[in-house]
Amino acid sequence: MEYTVIAESSGDSLHPITAQLVGAASALGSSPTVVVPGGVGADEAASIAGVSKVVSVVGDCFATFDGGAWATAIASQCSGVVLAGATPIGREVASRVAAKRGVPIVQDATGLAAGITITRPIYSGKAVETSTVTGECVITLRANAFEAAGAGGSAAVNVVNQSADVGIAVKEAIAKASERLDVSEADIIISGGRGIGQKENFAHLEEVADMIGAAVGASRAVVDEWGMPHSMQVGQTGKTVTPSLYIAVGISGAIQHLAGMRSSKYIVAINKDPDAPIFGVADYGIVATWEEAVPALKAALAAL
Amino acid sequence: MSIAVLLKQVPDTTAKISVSAGRVDESTVSKWSMSPYDEYALESALQLKESGGGDIVAITAGPARCEKLLRDAAAVGADTLVHISAENINDLDSTQVQKLLAAAVEKIGSSVVFCGKQAADTNAGSTGPGVAELIGASCVTLVSEVAADGAGYSATRPSAAGQEKVGVSAPCVFAFDKGITEMRRPNVRGIMMAKKKPIETWSATDLGVDIGAAAVTIDTHSPPAEKPRGQKFEGADSVSTVVGKLRDEANVI
C-alpha cells in the first residue's frame, strides 16, 4: 500500500514530527509521498531520507488555520495510508481528510506494525489498545513515539497551486498571558500540586524551571482551586505530556494526574508523604517537604 | 434555531480501568460521567441560548446506559434529548460514529453543533471535524468561548502567539477545550423535569444511514506496561544525589 505523510510546520520550518512520520512509514517498508500544506518546509521535507516525492500545496487558504479548507486543498494529494502528527493541527486536518475520503481514522498511535496493526493508549494511558485496520485509512502518530528518519534524501518537489474556501476569519490576536514555555512543547517539566501550599509558591518552581529550560505544570486540584491557567494542567482533562524529565513537587498522584504524565521518560517525585501514589511511577522518589527539597534542587542544579 | 450538542458517556476520569479477557471491563467501572470537554460544550451552548435564544438538542450515541447522560443534560437545561442506540459503540470505527451523529444533526436541522475536543475514553478528537466534514460545516477546534456575533459567531481558540478570536458563520461546529466556566449544577426542579422529558431513540435505520461494517477491528486491550520500580530516597539531603543521577544515569539534564 502507498503511504502519504502530511507534513506539519512550526514557524518557518518543519515540525520534528514530520521526519518521525517518514521514519514510521519507512519502517513499514514504504517510501512515502510527503504533502506539505502551504509549502512551508517543502525543501526540508525533500531532504528527509526515504521520501519518494514531495507535493507542496500552495494557496491563499493556508494563510490562517481552517482545518476544513486545508483538508479540501490537500485531500486529492492524499492516498493509501495517510500519516499525520497527533498534534492539534494534525488531528484536525487528518480527521477531515479521513471523513472526506470516507475512510476511518485512528488517532494517537504509539506503535505501528505490518497489517496494519496499531497500538495506542486509551483512557489517557490507563489502558492500551491494539487494533487492525484494513484498506485505506488515516492514522495520526504521537510525537516522539517513532524514530525520525535521517537527512540525506533528495526527493523532487512538485508545487501544486490549490486553494479552498475559508470559513474561519481571524479577527483579533490575543497575546499570551505569560511567555513561559508550554508544557506540551517542553522536554523538561516541573509541576506543582496542592502540597506546595499556595499559588504564590509556584514562583519557586519557576526559578528551577528557568535554570534548566523547563516548563511549569500543575495538577488539576490547583488549577481548579487556585485559578492557575488551564494550559498548565497536566492530566486526563489537561495535557498529556511525554517529556524526557518530569519533576512532580507536592503532587500526590491522583489517577487523573498519572494518566497525563506516566509515559514521561524519567519521573522525579518530591513529596513529604512516603505513601503518596506518585512514588509508584517515579524513577527517583524523594521523601521530603518541598520547602526543603526545592532550595536543595536549586543548589544542586547551580552546582552542575 | 437549534443548537445540537454532541455528548459522550465515558468512565469518570477518577475511575479505575481494568482489563479482563483482553478487553476493558465496563462492568467494573465505578462511575459513568459526561465526558469533561462535552460538559464545557453543553455549558457554553446553554449560555448562548440564554443570550440569544434557541433550543438545545442533546445527542448521544451509545448503549442503554446513556439515558442517564441525557437526563443529566436535561437537568441543566437541554430541551430535546436524542439517543442514537448503538449497543456496540466501542466497536464502531470513526466513519460509522460520524455518519450516525451527522445524520442525527441533519434530521434535527441544526446548523450549529457544539461538542468536546475529544472524549475522555478514546482521546481521539476525530468527531468534531469529521461531523463538520459530513455536514459541510466549518469547524473551530480547541474553543474556550463562543458568542453570537451579528449573523454569525465569534470564538476564542489558541494560536501560535497565544489566543485569537475568529469569526465563523453557520453551518459550523465548535469543539471545546476546557472553557471559562464549569458546567452549572442542576437544581431540584431541573432534575424532576428531566425525569419526565421524552427521549427520541433512533437507530441507524431511523436515521436512514447504512453504516456498513467497521474497517477497524479491536484486537485486544491491555493494561499499561508496568514501570520497573524506581529508587526512593529520604530527606532533602538526597536531592543532590538524585540530580547527579539525572545527569549521569538518565542523561536528561
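Miscellaneous remarks
- Share, in percent, of DSSP beta bridges within the protein assembly as shown that are antiparallel, nearest 5: 35
- Relative contact order of region A:191-304: 24 percent, from C-alpha pairs under 8 Å at least 6 residues apart in sequence.
- Cα centroid separation, region B:128-194 to region A:42-118 (Å): 25
- Taking trypsin sites (Lys or Arg not before Pro) across region B:194-253, the ones in a DSSP loop with at most 12 further Cβ atoms lying within 10 angstrom of their Cβ are B:ARG229.
- Take the Cβ atoms of B:THR14 and B:ALA160, set R0 to 25 Å, and the FRET efficiency comes out at 0.15.
- Ascending count of other beta-carbon atoms within 10 Å, so fewest first, for A:MET1, B:MET193, B:MET183: A:MET1, B:MET193, B:MET183
- Violating pairs (Cα-Cα greater than 21 angstrom) within the set B:LYS8/B:LYS68; B:LYS8/B:LYS195; B:LYS68/B:LYS107; B:LYS68/B:LYS197: B:LYS68/B:LYS107
- Shape of region B:106-253, Cα gyration tensor, a/c cut at 1.5: prolate
- Neighbouring partner chain Cβ atoms per residue of B:218-224, average, 10 Å criterion: 6
- Cβ-derived FRET efficiency at R0 41 Å, B:ARG23 paired with A:LYS272, nearest 0.05: 0.55
- Relative contact order (%) - criterion: Cα under 8 Å, at least six apart; region: region B:88-206: 24
- In chain A the longest region clear of GluC sites (Glu not before Pro) that are loop-assigned by DSSP and have at most 15 other C-beta atoms within 10 Å covers A:3-146.
- Shape call, region B:63-168: gyration tensor on alpha carbons, a/c limit 1.5: prolate
- Zone residues, region A:270-304, relative to B:SER240, backbone N less than 17 Å from point 7 Å out along Cα-to-Cβ: A:292-304
- Within region A:3-161, antiparallel bridges make up roughly 30 percent of the DSSP beta bridges whose residues both belong there.
- Region B:2-207: C-alpha gyration tensor shape, a/c 1.5 cut-off, then a/b vs b/c: rounded
- Two tests apply to each whole DSSP H helix in chain B, Cα reach of 15 Å or more along its axis and mean Kyte-Doolittle hydropathy of at least -0.5, and the ones passing both are B:94-108.
- Under the criterion of Cα pairs below 8 Å and six or more residues apart, the relative contact order for chain B equals 24 percent.
- Counting only DSSP beta bridges whose two residues both lie in chain B, roughly 35 percent are antiparallel.
- From the alpha carbon centroid of region B:3-82 to that of region A:231-298 is 30 Å.
Values in this text are rule-based calculations from the coordinates and carry no lab data. Given the structure is predicted, the values throughout are model-derived calculations rather than measurements. As a convention, Cβ positions derive from the backbone with ideal geometry for all residues, glycine included, and neighbour counts pool all protein chains shown.
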